[in-house]
1. Of the conditions (1) touching a residue at least 12 places away in the same chain (Cβ under 8 Å); (2) assigned to a loop (DSSP other than H, G, I, E, B), THR3 satisfies every one except a single condition; which number is it?
2. Of all the residues that make up the range 1-12, how many are modelled with pLDDT of 95 or more and among the small types (Gly, Ala, Ser)?
3. What are the residue pairs meeting all of these: first residue in the range 9-35, first residue touching a residue at least 40 places away in the same chain (Cβ under 8 Å), second residue part of a helix (DSSP H, G or I) and surrounded by 17 or more Cβ atoms within 10 Å (Cβ to Cβ), Cβ atoms under 9 Å, and 6 or more apart or on different chains?
4. Here is a check on your reading of the model: is GLU61 over 18 Å from ARG4 (Cβ atoms) and of a type in the set (Asp, Glu)?
Amino acid sequence: MSTRPEANLATDLSGLNCPLPILRTKKALAALESGQLLQVTCTDPATPTDFAAFCKQTGNELVEHWQVETKFLFLIRKR
């Protein structure tokens with residue numbers, strides 16, 4: 001069983017729809033240093049695709065993503 005790394009910052013964006021989760025994530029990442037981890041919680045079903053594209057486009061690393069009931073969780077490492 002693997003253990004998830006501890007996030008330096010966590011933000012709950014439940015209830016927000018596109019494009020707000022990406023915009024709020026971008027703002028949260030700006031507060032972190034390179035290499036630090038951000039955990040994001042969302043409920044928008046489009047976020048798995050959106051976050052994969054966002055990380056690819058920005059060079060940040062999508063370390064892990066998982067789903068718990070209706071929530072999508074993402075662990076992103078700032079480039």
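1. If we test THR3 against (1) touching a residue at least 12 places away in the same chain (Cβ under 8 Å); (2) assigned to a loop (DSSP other than H, G, I, E, B), just (1) comes out false.
2. 2
3. THR25/PHE51; THR25/PHE54
4. No: the conditions fail for GLU61.
The values are calculated or read from the model by the stated rules, or taken from the named source; none is laboratory data. Everything quoted here is computed from the prediction, not taken from an experiment. In this analysis, Cβ positions are derived from the backbone assuming ideal geometry, glycine residues included, and neighbour counts consider all displayed protein chains.
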